[in-house]
Amino acid sequence: METDYNREALDAAALAGDILLASGAEIFRVEETIDRIAHAYGIESCDAFVLSSGIFLTAGNEKEKEFARVRHIPLSAARLDKVTAVNQLSREIENGMHTAAQAKERLLEIQQMPSAPRFYQVLASGVGSGCFCLLFGGDMVDCGAAFLAGTLLYLYLLYLVRGRLSKIASNITGGMLVTFAAVLLYHLGIGHHLGEMIIGSIIPLVPGVAFTNAIRDIADQDYIAGAVRMLDALLVTFCIAMGVGIVMMGYHNIAGGAVF
Amino acid sequence: MLSVRIIFEFFASYIGTIAFALLFQVPKKYYGYCGLIGGCGWLCYKLILPYGASFTSTFLAAVLVIFLSRLFAVRKRCPVTVFLIAGIFPLVPGAGIYWTAYYVVTNELDKAGARGFETLKIAVAIVMGILLVFEFPQKWFQKEA
């Protein structure tokens, strides 16, 4: 009976770790949450080693049964709602509000939490692009054009790509699409500052999550995870620049030099 | 006129930050805080920019953004990431990435180098802001008993 209970608790701890890591939490938080949950259920021998793409969890000593679990977790999009929910749950577990089985059930529910409707995400991408275009010095018309380009970008990413392309390919093509849309709108007379329009509408691609997490992991001395996430951020940035560059090059060869 | 523009930009970054909060699936009840952090960060950046280099103003704005993120995280008992990631977005050097790519393509390599280096400096300013504020002890953010 005792060992079954331990097993359930460790399952819950490991699952909490999986969800956090896949949703874009810092390594430090993942390790801390696993330890917290395990300790709350009275497991002393739990040891977690977390990388940016995997969790290694073992337990076992003279008194407690052995347990080992290795999970591979691919890099994926940020789901801060799940991070918040797991964080809340781990506090409740510490206060003894759930048995291990209940906690596991609750974690499975969190894992299945639906994301915001795709329509809202598309709209948010457009609004974000428009607002940032304004901040970087565009006028109202540029803002409208950036809104269109940003909307188009997420329509492309959410409905056409749907994770089927590699990260590199989707960022290069995303950058190309946005630049192409901006150039097209500019030539149709919608928008006055081509540069600001493109800057606004590439912002949804910029790897803010990877960059911020990379710095925080390195600051917590999780160098391997930090380095991997930093590489991810740099690679995505480079891909966006490539995408923009390819279309701009074509544009310059056809239109013959800067027109703004 | 300038002050009108500043207020206008505050709201633009407020709404822009909330849009990104939605993309990262921040729970709805925190949207207002995310927007406030993004808006304050941009305001700070814009107000200091006339008196210093972009490095200084980005650094100070990043410090403010991260300080507020930690403050709200402690008060609302939720992970700091929730506020930080959306709030830092207005400071991210998206313009630098674009102009660097642009000058490389148009073969103005000296300008590309200058822009690329500028982008790197801004990124370093954000990094230093993050490193600094996360060294502050936790009790600075807790309510006075």
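Per-residue 3J(HN,Hα) values for the stretch B:44-51, derived from phi via the Karplus relation 6.51 cos²θ - 1.76 cosθ + 1.60 with θ = phi - 60°, read 4, 4, 5, 6, 8, 3, x, 9 Hz in sequence order (x marks Gly and Pro).
Note on the stretch B:35-92 and the stretch A:93-150: Cα centroid distance 19 Å, given to the nearest whole angstrom.
Taking amide H positions as modeled 1.01 Å from N, with prolines and chain starts lacking one, the residues under 5 Å from A:Leu51 and 5 or more places away or on another chain are A:Phe56. Candidate cross-link partners of B:Lys121 among the aspartates and glutamates, defined by an alpha-carbon separation under 18 Å and a same-chain spacing of 8 or more, comprise B:Asp110.
The value for the stretch A:1-116 of Rg(Cα) / (2.2 N^0.38 Å) is 0.99.
Among the listed pairs A:Lys167/B:Lys28; B:Lys46/B:Lys111; B:Lys28/B:Lys139; A:Lys82/A:Lys167; A:Lys65/B:Lys76, those whose Cα-Cα separation exceeds 30 Å are A:Lys65/B:Lys76. In sequence order, the stretch B:102-111 has phi-based couplings of 4, 5, 5, 5, 7, 6, 9, 5, 5, 5 Hz under the Karplus curve 6.51 cos²θ - 1.76 cosθ + 1.60, θ = phi - 60°, and Gly or Pro positions carry x.
What is the stretch B:17-145 by shape, rounded, prolate or oblate, if you read a ≥ b ≥ c off the alpha carbon gyration tensor as root eigenvalues and call it rounded for a/c under 1.5, prolate for a/b larger than b/c, and oblate otherwise? Since a/c reaches 1.5 and a/b is larger than b/c, the shape of the stretch B:17-145 is classed as prolate.
Mean separation of Cα pairs under 8 Å and 6+ residues apart, divided by the residue count of the stretch A:118-255: what relative contact order is that in percent? If you can, show how the numbers build up before the last one.
Numbers: 204 pairs, mean separation 39.8, N = 138.
Relative CO of the stretch A:118-255 lands at 29 percent.
The 3J(HN,Hα) values that the Karplus relation (6.51, -1.76, 1.60; θ = phi - 60°) gives for the stretch B:74-80 are, in residue order, 5, 5, 8, 6, 9, x, 5 Hz. Gly and Pro appear as x.
Using a 10 Å cut-off around each Cβ of peptide A:191-197, what is the average number of partner chain Cβ atoms that fall inside? Walk me through the numbers before you get to the answer.
Numbers: counts 0, 0, 0, 1, 4, 2, 0.
Going residue by residue through A:191-197 and averaging, the value is 1.
Remark: mean inter-chain Cβ contacts per residue of B:25-38 equal 3, using a 10 Å Cβ-Cβ cutoff to other protein chain atoms. Computed over the Cα atoms of the protein assembly as shown, the ratio of the radius of gyration to the Kirkwood radius (Rg/Rh) comes to 1.01.
With one equal scatterer per alpha carbon and no solvent term, the Debye-computed log10 I(q)/I(0) for the stretch A:118-255 at 0.12, 0.21 1/Å reads -0.49, -1.18.
The magnitude of the dipole of chain A, with charges of +1 and -1 set on the Cβ of Lys/Arg and Asp/Glu and taken from the Cα centre, is near 960 debye.
Since every read-out is calculated from the coordinates, none of them should be taken as a lab result. Computed from a predicted model, the values in this text were never measured in an experiment. Using ideal geometry, Cβ is built from the backbone for each residue, glycine included, and neighbour counts are taken over all protein chains shown.
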